[in-house]
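Enquirer: Here's a structure for you.
The values are calculated or read from the model by the stated rules, or taken from the named source; none is laboratory data. What you see is a predicted model; the values in this text were computed from it and never measured. Here Cβ is always computed from backbone atoms with ideal geometry, including for glycine, and neighbour counts include all displayed protein chains. Note: areas computed on protein heavy atoms with side chains; ligands, DNA, RNA excluded. Shrake-Rupley method; radii C 1.70, N 1.55, O 1.52, S 1.80 Å.
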Amino acid sequence: MQKRLTTKDIAVIGLMVAIIETCKFALSFAPNIELTTFWLIMFTRRIGKKVALIVPVLILVEGMMYGINTWWIMYLYIWPLLVILAYLFRNVESALFWAIFAGIFGLCFGMLCSITYFFIGMRDGGIIGGFNTAFPWWISGIIWDMVHCAGNFVLMLILYYPIDNVMKTR
């Protein structure tokens, strides 16, 4: 990775964040159906380590647009985790692999989010309080994690090859 950002890098980061935000807005009517996972995986596969520059910008833009709350804290570790995992498998070319990967990530999303609630509960009740706060929060939303899983799986399966082919030519 270059030590200095070029004008092109800054423009590409802006465009990628804009693509994610536009898709997020376009799908906002459908609970837990999103393309953020899809785009972060695709960007990671095609631009490699430079995707590390996109995630903080994305998270900051989200915070400015929607305000800072517990969900924003979750984004501080969830999206970087996705990028790290995608980077480890970046050379896999199978749409089915990435659909399963994205589906599992969607299924685990609520569990990952519950980590924040674990620490919130720990503040007053120690480890037991953390567990008693995080676990019910996660379980109560597991049906939405299943929706997230299915949405990620289907969207990746449908969009993987067309988008990957376009990204290869650029």
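Enquirer: What list of ³J(HN,Hα) couplings, whole Hz, do you get for segment 133-148 from phi and the Karplus terms 6.51, -1.76, 1.60, once you set θ to phi - 60° and write x for glycine and proline?
Expert: For segment 133-148, the Karplus-derived couplings read 8, 6, 4, x, 4, 5, 4, 5, x, 5, 4, 6, 5, 5, 4, 4 Hz, x marking Gly and Pro.
Enquirer: Please report the carbon-and-sulfur percent of the accessible area for the chain; probe 1.4 Å, protein heavy atoms only, DNA, RNA and ligands left out.
Expert: Roughly 74 percent, rounded to a whole number.
Enquirer: Does a label point 7 Å from the Cα of VAL61, set along Cα-to-beta-carbon, have any residues of segment 8-32 with amide nitrogen under 13 Å, and which are they?
Expert: Label zone hits: 10-26.
Enquirer: Output the peptides 5-12, 154-161 sorted from most to least packed, where packing is the average of other Cβ atoms within 10 Å over each peptide's residues.
Expert: Averaged packing, sorted descending, gives the order 154-161, 5-12.
Enquirer: Starting from the 7 Å offset along Cα-to-Cβ, what nm value, one decimal, do you get for the label separation of ILE68 and ILE33?
Expert: Roughly 3.4 nm, to one decimal.
Enquirer: Pull up the cross-link candidates among the lysines for LYS168, meaning alpha carbon to alpha carbon under 20 Å and not fewer than 8 places away within one chain.
Expert: Counting by Cα, and skipping residues close in sequence, LYS168 has these lysines nearby: LYS8, LYS49, LYS50.
Enquirer: Could you tell me the calculated FRET efficiency between ILE127 and VAL166, based on Cβ-Cβ distance and R0 = 35 angstrom, to the nearest 0.05?
Expert: 0.15
Enquirer: For an R0 of 25 angstrom, estimate the FRET efficiency from the Cβ-Cβ distance between LYS8 and TYR77 and round to the nearest 0.05.
Expert: 0.30
Enquirer: How far apart, in nm, are two points set 7 Å out from the Cα along the Cα-to-Cβ line at THR22 and at TRP144?
Expert: That separation, rounded to one decimal, is 2.7 nm.
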